[in-house]
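Every number in this text was worked out from the coordinates using simple rules, so none of it is lab data. Remember, it's a predicted structure, so these values are computed and weren't measured experimentally. Virtual Cβ from ideal backbone geometry, glycine too; neighbours counted across all protein chains shown.
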Amino acid sequence: MKSNRGAKICWVGSARYTDPLDDTSRKKFQALTSLGDLYVIGVSKDIFPRFFREQARFYLLPKIPFHILRYLELYTLVPVIVLGLIFRHGVTVLVAQGPYEGVPAASAKMIAKLLGRRIAVIVENHNDFEETLFMQRKIRCPGLFRLLMHRAAKFTFSQTDILRPVSGTTRAQAVKWCPGKPVFQFVAWTDMEAFLSVGRNRTDYTSRTVVYTGVLIPRKGVLNLVNAFAAVLARVPDARLELVGKAENPDYTRAVKDKIDRLGISDRISFVPERPQKELAERMGKAAVFVLPSLSEALGRVVVEAMAAATPVIGSRVGGIPEMVIDGETGYLVDPGDEKALADKIVWFLMNPDKAEAMGRKAHEFAGSFFSTEKFVAWHREMFVCAGKILEQSH
């Protein structure tokens, strides 16, 4: 395998896909088809398994409502599917979505080696895998859960050949767990064209709307944003806040809504379900400012999407957000949980549309250089060439 031409690559994880693929997923795998034969093991959007071919061959497991059963499904069924792809279709490179999703890939690699097949395992790191889960929902027996997670990550990294983090913070974490391995750091796929198109055509910055996009979970700091927005309304009464995203944590969503009701500001805040990329781009492109007040964040892909739509950003000074937001030039950074600073920066954008426009234009320029389909494919090509060299050396 001297190059990635003709490679057979399988992504292994718990990402959810539809049949047929949504536009964003279709574009991603269409872009990667030039790198070889692609296989994807993921999760269906419902309780029915799916097996189909569209840009890649997809093997989607049923979506099970209970977390413990999902892990059981992942760790028992997926290794069998992976081994079938290795021995039937000649897959030689496995790309695990994270250290925990990597357990089936690591298991399949060990078994394949015993049977005379050499496999390269690439482990992605999209978040703080040690803490993120505990910041999203309450976990029963957290001590036991941490022990099991530690064992799973340690096993995966023992079989890892290449690390693929998405930011500087996730890179440091992955290297700490798995030192001495090749590292390819680049961002996750982003369907940028819809956002860049909106940004190119944007002319109006007089909006009074503030937009947040993301799942509604504690880690995202939505309660902090609501408290800050109440302070904003005291100074800019006609401001509006849109919370766009899935209510991933029902208890937390209820707490957010209860807080809004107690503050008496429900008429100024809208909850918007997940929207297609094109509509999301249009919403971002009409906002005065985009806010991501996360308490922890690996990168925050929505930040660069908002910037592509020529919308300035207020983000927490955590994870990979400072790698994208240039404080005072394309937006502002605030300390996580600092509601006063967050409110002050929101008011600044609402009261200074001319300066907001200048920041939005700089943000748009940055986003255009930060990510492109061509770069995404080139990053993968380089990574898969490295995997090929590792396999050559192992023979």
Share antiparallel - DSSP beta bridges, region 36-120, percent rounded to 5:
45
Take the Cα atoms of region 193-370, build their convex hull, and give its volume per residue in Å³.
94
FRET efficiency estimate (nearest 0.05) - Cβ-Cβ, S197 to D46, R0 30 angstrom
0.40
Given R₀ = 56 Å, what would the calculated FRET efficiency be for M110 paired with R208, taking r from the Cβ atoms and rounding to 0.05?
0.45
What is the local net charge at E329, summed over the other residues whose Cβ is closer than 14 Å to its Cβ (Lys, Arg +1; Asp, Glu -1)?
0
Distance between the C-alpha centers of region 41-64 and region 137-214? Whole Å please.
23
What is the gain in length, in nm to one decimal, between H89 and D338 on full extension, counting 0.36 nm per residue of separation less the C-alpha to C-alpha distance?
84.4 nm
Taking the Cβ-Cβ separation of K8 and K63 as r and a Förster radius of 25 Å, what is the calculated FRET efficiency to the nearest 0.05?
0.40
Membrane-span-like helices in the chain: DSSP H runs reaching 27 Å or more (Cα, own axis), mean Kyte hydropathy at least -0.5?
67-89, 373-394
Highest GNM mean-square fluctuation among T92, T311, T33, for the chain with Cα springs under 10 Å, belongs to T33
Fluctuation leader among G264, G337, G319 - the chain, Gaussian network, Cα springs under 10 angstrom
G264
What relative contact order, as a whole-number percentage, does region 1-157 give when Cα pairs under 8 Å and 6 or more residues apart are counted?
21
Stokes-Einstein translational diffusion, region 164-232 - Kirkwood Rh over all Cα pairs, 1.567 mPa s, 4 °C, in µm²/s
80
The chain: antiparallel bridges as % of DSSP beta bridges, rounded to 5, reads 10
For the chain, modelled as a GNM with alpha-carbon contacts under 10 angstrom, which of F271, F229, F184 fluctuates the most?
F271
Among M324, M351, what is the fewest-to-most ranking by other Cβ atoms within 10 Å?
M351, M324
Which order do the peptides 103-109, 381-387, 253-259 take when ranked by the mean count of other beta-carbon atoms within 10 Å per residue, highest first?
103-109, 381-387, 253-259
Listed values (1) 69, 45, 39; (2) 79, 46, 35; (3) 72, 57, 42, entry calculated as Cα extents along the principal axes in Å:
(1)
For R53, R283, what ranking results if the residue with the fewest other Cβ atoms within 10 Å of its Cβ goes first?
R53, R283
Specify whether the C-alpha gyration tensor of region 100-184 places it in the rounded, prolate or oblate class, a ≥ b ≥ c being the square roots of the eigenvalues: rounded for a/c under 1.5, otherwise prolate if a/b is larger than b/c and oblate if not.
oblate
Above-threshold pairs, the threshold being 29 Å between Cα atoms, out of K113/K389; K63/K259; K257/K375:
K63/K259; K257/K375
Neighbour-count ranking [beta-carbon atoms within 10 angstrom, fewest first] of E329, E357
E329, E357
Can you show me the helix-derived [θ] at 222 nm for the chain, built from DSSP H runs with n ≥ 4 at -39,500 (n - 2.57) apiece and divided by the number of residues, rounded to the nearest 500.
-14500 deg cm²/dmol
